[in-house]
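The values are calculated or read from the model by the stated rules, or taken from the named source; none is laboratory data. Here the structure is a predicted model, which is why all the values come from computation and not from measurement. Neighbour counts are summed over all protein chains in view; Cβ atoms, including those assigned to glycine, are modelled from backbone coordinates with ideal geometry.
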Amino acid sequence: MLEVKNLRCSYGANQVLKDINFRVDKGEVIAIVGSSGSGKTTLLRSISFLHKADGGTIRFFDFEKDITRLKGSEIRRLRMRLGYVFQNFNLFRNMTVRQNVMEGLVTARHMDRAEAEKITDAVLEKVDMLERADYYPDQLSGGQQQRAAIARSIAFRPDVLLLDEPTSSLDPELTREVLNILTQLAADGITMVVVTHEMGFARNVANRVIFMEGGVVVEDAPAAEFFNHPKQEATKRFLRTVTDDCG
């Protein structure tokens, strides 16, 4: 479905991704874990063309090309098939929740407003935000804002939903709200790649877990195997640290 090969990416002289090979199949939920600075967010940003890669190949269904040679029109077409949920919500502060979700459908997809409103109400109901459709972001909790951001992303019916630490700025109660929504989306068969530090979600919801360190994929395994029988010493070290941190 979506695959990158030998993906390389730098910020100036700092090489962040070093020949990453990564794929996600339809219906999979993949959790990407690792310490801060390991390259997790850069991987998501490179896949979604928010950061220009230095090299590698991208394949999306039957389309395959050198990622550095994509035309602007090709990038736009690929982006239309991807959803992205940011750490900090990225909602328009001067728009209501309903307007935030509808804007892309009407402006980018040129959808009839009546149809766009119907889809908007459906996705807001899915994330339990329909009652707050006319609220502005500053009137919402962090968890509510993130649920609105998720609704905006799934309104496009993306082939793959990319989420970058969707709970990192939330307290435990609000984190549970968002994780419950993601668990439901997974049950609905939505393909997701989630950069996360929530090990319970990675263990119980993800099909596969990818552990990154120093810009490389150290381990890629089914969730149960990853947590119960990690193969690499770096993975075992990371899991011990996470366990210790969680008390």
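Consider SER153 carefully, then state whether it is surrounded by fewer than 18 Cβ atoms within 10 Å (Cβ to Cβ) and not in a strand (DSSP E or B). Show your work before the answer.
Numbers: surrounded by fewer than 18 Cβ atoms within 10 Å (Cβ to Cβ): no; not in a strand (DSSP E or B): yes.
Spelling it out, it is not the case that SER153 is surrounded by fewer than 18 Cβ atoms within 10 Å (Cβ to Cβ) and not in a strand (DSSP E or B).
Would you tally the residues in region 127-150 being outside any helix (DSSP H, G or I) and surrounded by fewer than 16 Cβ atoms within 10 Å (Cβ to Cβ)?
At the first step, the residues of region 127-150 found to be outside any helix (DSSP H, G or I) are 127-129, 133-136, 140-141.
Now drop any that are not surrounded by fewer than 16 Cβ atoms within 10 Å (Cβ to Cβ), which leaves 128, 134, 141.
Within region 127-150, residues that are outside any helix (DSSP H, G or I) and surrounded by fewer than 16 Cβ atoms within 10 Å (Cβ to Cβ) number 3.
Here is a list of conditions, (1) surrounded by 15 or more Cβ atoms within 10 Å (Cβ to Cβ); (2) closer than 30 Å to SER46 by Cβ; (3) of a type outside the set (S, T, N, Q), and LEU124 meets all of them except one; can you say which number that is?
(2)
Within region 35-56, track down each residue that is among the charged types (D, E, K, R) and under 19 Å from GLU213 (Cβ atoms).
First, the residues of region 35-56 that are among the charged types (D, E, K, R): 40, 45, 52, 54.
LYS40, ARG45 - these are the residues of region 35-56 that are among the charged types (D, E, K, R) and under 19 Å from GLU213 (Cβ atoms).
Take the conditions under 20 Å from the mean Cα position of the chain (by Cα) and either at pLDDT below 95 or outside any helix (DSSP H, G or I) (or both) and apply them to LEU124. Does it pass?
Values: under 20 Å from the mean Cα position of the chain (by Cα): yes; either at pLDDT below 95 or outside any helix (DSSP H, G or I) (or both): no.
No.
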